[in-house]
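Accompanying notes for the structure given below.
Rule-based calculations on the coordinates, nothing more; no lab input. Since the structure is predicted, the reported quantities are computational estimates derived from the model, not experimental observations. Glycine also receives a Cβ, built like all others from the backbone with ideal geometry; neighbour counts cover every protein chain displayed.
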Amino acid sequence: MPVHIDPTGDHVTIPGPDGPLPSDGRPLIRISTAAGASATVFPHLGFNVVDWRTADGTALLHHDPDVLTGGSGTRSGIPILFPFPNRIAGAAYEWDGRSYRLPPAHPGDPNAIHGFCAKRPWTHFAASGPESVTGTFRISRDAPDVAADWPGDLELAITYDLTDRALRITADVTNVADHPAPFGLGYHPYFSLLGCADLADVSVQVSAGAYWELDASIPNGTVAPVAGDRDLQIPDRVGDRVLDDVLTGLPPFRPDADGLMSRARLQGRAAGLDMRYGAPFRDVVVFTPASRAAIAIEPYTCPTDAVHLQERGHDVGWRVLAAGEAWRAVVEFALT
């Protein structure tokens, strides 16, 4: 069947280097097309697409071997970063006259990171079409221990639509509180080497003309033109680049007929991918993790530490929804 929701994970397998990965008895969702393309979603780990393959079996995403058995929710597949992407400096901020404190990324780290939902189980999900599935995450329901740390109750619905040639992600955010609530959204996809033996041979292109200068991973408020290794506007091999940059200054938004615009590309020996984003995605993080055979091209609606940047007068895409208001944004990763 095109959408198979397996409550035990026993009948949906994810290939690993030494055979199928164990499911640890938790639900897995397999979406497949008639031609044989497939995507596997792990609801217990942030409703993460932990595996996506072409019809000929080419793996397009990286996942760690322990992804189904207690691995990190932000090191594999496509982690969802909500209600803020990347870091909030000092794990504290003020909103509407009130101070808030967030859990730090880990002991000894001064900052909060990647929001609330990437490492938590999503328990509300269902097939939403012949080749699509939708899951919902509500802060008060699914992260009650940190609900008081955010100024409002937001519900995020994520829909994955799979075709033979693309994976589309639609995010619907609704403010279910009785007062305005802020948020940002990002995705942290770890793309595979696309058939290359080494990351150095993968070609990357991101149409961003500027970047946020960082001090200890936090933007200092200065935007500078890209140069050197940060300049990815012309497709080029990754080579010996070590990348961990918040890129901005994308060209003016001129969408295709479906409302999306190509913003980045990856090309390997077995496949190429076109990253197509909707208008809300204004920043792109590019990251080459030292410990994984992967590259992350991450669309964000706002940069790192956006809540503090906005306090300082920067227009960064930090969004506020009125009570009952809804918002939608779409990204698509398409085979070229």
> Summing -39500 (n - 2.57) over the DSSP H runs of n ≥ 4 in the chain and dividing by its residue number, what mean residue ellipticity at 222 nm do you reach, to the nearest 500 deg cm²/dmol?
Replying inline: -500 deg cm²/dmol
> If one computes the Cα centroid of the stretch 228-267 and of the stretch 52-72, what distance in Å separates the two points?
Replying inline: 24 Å
>> Between P17, P151, P303, where does the largest GNM mean-square fluctuation fall for the chain, given springs only between Cα atoms within less than 10 Å?
In response: P17
> Arranged from highest to lowest average of other beta-carbon atoms within 10 Å per residue, in what order do the peptides 272-280, 139-147 appear?
Replying inline: 272-280, 139-147
> Which FRET efficiency value, to the nearest 0.05, is calculated for S128 and D24 with the Förster distance at 25 angstrom and r the Cβ-Cβ distance?
Replying inline: 0.45
